[in-house]
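Here is the structure we will look at.
What follows draws every value from the coordinates through simple rules; no lab data is involved. Source: prediction; values computed, not measured. Reconstructed Cβ throughout: ideal geometry from the backbone, glycine too, with neighbour counts over all protein chains shown.
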Amino acid sequence: MYKFSKYSTITYDNKTINDLTSQLNFNREMLNNSIYFVNYNIKDGDTPDKICQSLYDDASLDWVLLYINNIIDPIYDWPLLPDELTSYCVNKYGSSYVYSVHHYELDDKVVSTGTTGSTPITNYDYESSLNDAKRPIKLPTEKFMNEFIFSYENL
């Protein structure tokens, strides 16, 4: 029986599990190197497997895209579609409170209620902003993908 003692552990969903990717040799500083990565903003309808199919002709490489971008949960760490975001907000805040004020902002800083010139940010606006922050990712170039897969296969 194979032992997983050489792998570090991570906590996911309140459980400690072995991190099977811990033996992969990936330097996150490389993410800023245009030889290996390009910036990309996830569009509505994009999924990791569709992106990988389009770029590398192999949808099964989606795990590499997720790993490189440190996306652990491909459901909630990936941007939601507009109707999914609305449903998420309804479930989180209740249908009567989706468009209630979450907080106020002035010059992109949270301020207290009633601050002159402040803008109310609704629960939906707040969640939409968090959702949009998930859109920028790094796409591996074919050169990197080939080297990464070679490294993985030779673990």
Query raised in the report: Under a plain spin-label model, where a point goes 7 Å from the Cα along Cα-to-Cβ, how far apart in nm are LYS15 and MET30?
Result: 3.0 nm
Query raised in the report: In terms of modelled amide H atoms, which long-range or inter-chain residues lie less than 5 Å from the amide H of VAL111?
Result: TYR104, GLU105, LEU106
Query raised in the report: Hey, what do the phi angles of the range 82-98 turn into as Karplus ³J(HN,Hα) couplings, whole Hz, using 6.51/-1.76/1.60 and θ = phi - 60°, x for Gly and Pro?
Result: x, 5, 5, 5, 4, 4, 4, 5, 4, 5, 7, 10, x, 4, 7, 10, 4
Requested in this report: Provide the FRET efficiency to the nearest 0.05 for the SER60-ASN154 pair, computing r from the beta carbons and using R0 = 22 Å.
Outcome: 0.75
Query raised in the report: Pick the calculated volume of the Cα convex hull per residue in Å³ for this structure from (1) 210; (2) 168; (3) 186?
Result: (2)
Report summary line: In the neighbourhood of PRO79 defined by beta carbon distances under 12 Å, the net charge of the other residues (Lys, Arg +1; Asp, Glu -1) is -3
Report task. Using packing as a proxy for protection, rank 37-49, 134-146 so that the peptide with the highest average count of other Cβ atoms within 10 Å comes first. Result -> 134-146, 37-49
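Could the peptides 102-108, 83-89 be put in order, highest first, of the mean number of other beta-carbon atoms found within 10 Å of their residues?
Result, highest mean first: 83-89, 102-108.
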